[in-house]
Amino acid sequence: MRTVPTVAMVVVVWAFAVGAAADPTLSQQDRRGPVTVGITLVPGEAGGPMRVQVVLDTHSVDLERIELRDAVVMRLGDGREVPASGVEEATGNGHHRRATLVFPAPASGPVLVVVKDIGNVPERVFRWDAVGR
């Protein structure tokens, strides 16, 4: 039975490596349609740009042609949409994609991240009311 603790240790190390230990209040997921979309706010410096990690996961849709910079925007309280000013750490292809998008720091109010037209879902809105910025 010595393998059970070893297996448990491997699972714990793997969970930390893939980010499962991230603050759950900063992460949200939408499983509608054939593509699961996960959004995580990445903590940064107060007043600095806001980084948003986007994860797309599917087994039936080709994600290769999706331009995340075009599909993901930040919606301001007045309804205006702000595109990402940059893309960092883009990885994956085909059925699994991950990237960190950079947005200007929102002045006030809730943080709304909107993902458009992925996996036959016209719009997915992720909202955080209280985020330390």
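The values are calculated or read from the model by the stated rules, or taken from the named source; none is laboratory data. Values in this document were obtained by computation on a predicted structure and should not be read as measured data. FYI the Cβ positions are ideal-geometry reconstructions off the backbone, even for glycines, and counts take in every protein chain you see.
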Output the number of residues of the range 81-123 satisfying the condition of being under 14 Å from residue 58 (Cβ atoms) and either within 13 Å of the chain's Cα centre (by Cα) or not in a strand (DSSP E or B) (or both). 8
Test: residue in the range 43-58 that is free of Cβ contacts under 8 Å to residues at least 40 places away in the same chain, exposed (fewer than 12 other Cβ atoms within 10 Å of the Cβ) and of a type in the set (Gly, Ala, Ser): no
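In this structure, does residue 127 turn out to be under 15 Å from the mean Cα position of the chain (by Cα), among the basic types (Lys, Arg) and either assigned to a loop (DSSP other than H, G, I, E, B) or closer than 20 Å to residue 26 by Cα (or both)? Before you say what the answer is, go through the steps one by one.
On the way: under 15 Å from the mean Cα position of the chain (by Cα): yes; among the basic types (Lys, Arg): yes; either assigned to a loop (DSSP other than H, G, I, E, B) or closer than 20 Å to residue 26 by Cα (or both): yes.
In short, yes.
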Failed condition for residue 40, given (1) closer than 19 Å to residue 27 by Cβ; (2) touching a residue at least 24 places away in the same chain (Cβ under 8 Å): (2)
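Does at least one position in the range 14-25 carry a residue that is of a type outside the set (Phe, Trp, Tyr) and at pLDDT 90 or above?
Filtering the range 14-25 for residues of a type outside the set (Phe, Trp, Tyr) gives 15, 17-25.
This time we only want the ones that are at pLDDT 90 or above, so: none.
No: zero hits.
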